[in-house]
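Read the structure below first, then the notes.
The values are calculated or read from the model by the stated rules, or taken from the named source; none is laboratory data. Values in this document were obtained by computation on a predicted structure and should not be read as measured data. A quick note on method: Cβ atoms are made from the backbone with ideal geometry, for glycine too, and the neighbour counts reach across all protein chains shown.
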Amino acid sequence: MNTLFDLIKAYGEGKGEDVMWKSVRVISDAIEKHMDEDTKKTLARRIYSEMAGGHYNEEFAMEDVEKMYYVGTDGKKHYAPYWTEEQVKEVYDSVKADIKAYNMWDFFVTLNMIKSDNCPLMNRWFPDAAPADMDKKFVDLAVNWLRDEDYRWPNEKIWHYLNS
């Protein structure tokens, strides 16, 4: 056997779920013991992606969004999230027909990323825009960004964009 995968496939296939879960436990214990935290986090995201199909859940969404910020004209960092979960859920419900492949957490991450990446530019372009009007512009940008059909993973864009 060249790899653990080959070993498990050769001797575990057809043995039932209990044997497979025991094998997963052995591998997990070894990883927990010998792998540094950053590598564990990367591996956890890869495993999660295989199981969830390239879409965010609350835990990973919050972890990624909390790292986002933009620098305002005052020179200070303004950290995400810029909207509450409830605010984003309400907006998501109004646009989900336009972004059918994405869940609320995908949209939560995308909307916050769009603002953190574009807020200074948008403020220069629209210096007199009311906050509610600016929010609508960020929503339009987020929906448009997710609808990018020629992206390599057109229905999983935000996950792969931030996790590749």
- Task: Please indicate, with yes or no, whether at least one residue in region 13-33 is basic (K, R) and surrounded by 14 or more Cβ atoms within 10 Å (Cβ to Cβ).
- Result: no
- Message: Just to be sure before I move on: is A129 at pLDDT 95 or above, part of a loop (DSSP other than H, G, I, E, B) and surrounded by 14 or more Cβ atoms within 10 Å (Cβ to Cβ) in the structure I sent?
- Response: yes
- Task: Please give the number of the condition T110 fails out of (1) free of Cβ contacts under 8 Å to residues at least 12 places away in the same chain; (2) within 18 Å of N57 (Cα to Cα).
- Result: (1)
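A quick yes/no check of all residues on (1) more than 15 Å from the chain's Cα centre (by Cα); (2) of a type outside the set (F, W, Y); (3) at pLDDT below 95:
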| site | (1), (2), (3) |
| --- | --- |
| D29 | yes, yes, yes |
| T39 | yes, yes, yes |
| T42 | no, yes, yes |
| R46 | no, yes, yes |
| A52 | no, yes, yes |
| D64 | no, yes, no |
| K76 | yes, yes, no |
- Out of all the residues in region 24-49, which are charged (D, E, K, R) and part of a helix (DSSP H, G or I)? R25, D29, E32, K33, E37, D38, K40, K41, R45, R46
- Note on the structure: Scanning region 50-80 for residues that are in a helix (DSSP H, G or I), of a type in the set (D, E, K, R) and without any contact (Cβ under 8 Å) to a residue 40 or more places away in the chain, the one surrounded by the most Cβ atoms within 10 Å (Cβ to Cβ) turns out to be E63
- Query: Right, K137: charged (D, E, K, R), closer than 23 Å to E149 by Cβ, assigned to a helix (DSSP H, G or I) and in contact with a helix residue (DSSP H, G or I) (Cβ under 9 Å, 6 or more places away or on another chain) or not?
  - Reply: yes
- Task: Could you tell me whether R124 is more than 20 Å from Y69 (Cα to Cα) and basic (K, R)?
- Result: no
- Query: Could you give every pair whose Cβ atoms fall below 7 Å, whose first residue belongs to region 82-98 and is on the phi < 0 side of the Ramachandran plot, and whose second residue is of a type in the set (S, T, N, Q) and in a helix (DSSP H, G or I), counting only separations of at least 6 or pairs across chains?
  - Reply: Y82/N112
- What residue, of K41, K77, is within 24 Å of S116 (Cα to Cα), basic (K, R) and touching a strand residue (DSSP E or B) at 6+ places or on another chain (Cβ under 6 Å)? K77
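Here is a yes/no grid of residues against (1) among the aromatic types (F, W, Y); (2) assigned to a helix (DSSP H, G or I); (3) out of contact with any Ser or Thr (no Cβ under 9 Å at 6 or more places or on another chain); (4) over 18 Å from D148 (Cβ atoms):
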position: Y82; (1), (2), (3), (4): yes, no, no, yes
position: S94; (1), (2), (3), (4): no, yes, yes, yes
position: T110; (1), (2), (3), (4): no, yes, yes, no
position: M113; (1), (2), (3), (4): no, yes, yes, no
position: S116; (1), (2), (3), (4): no, yes, yes, yes
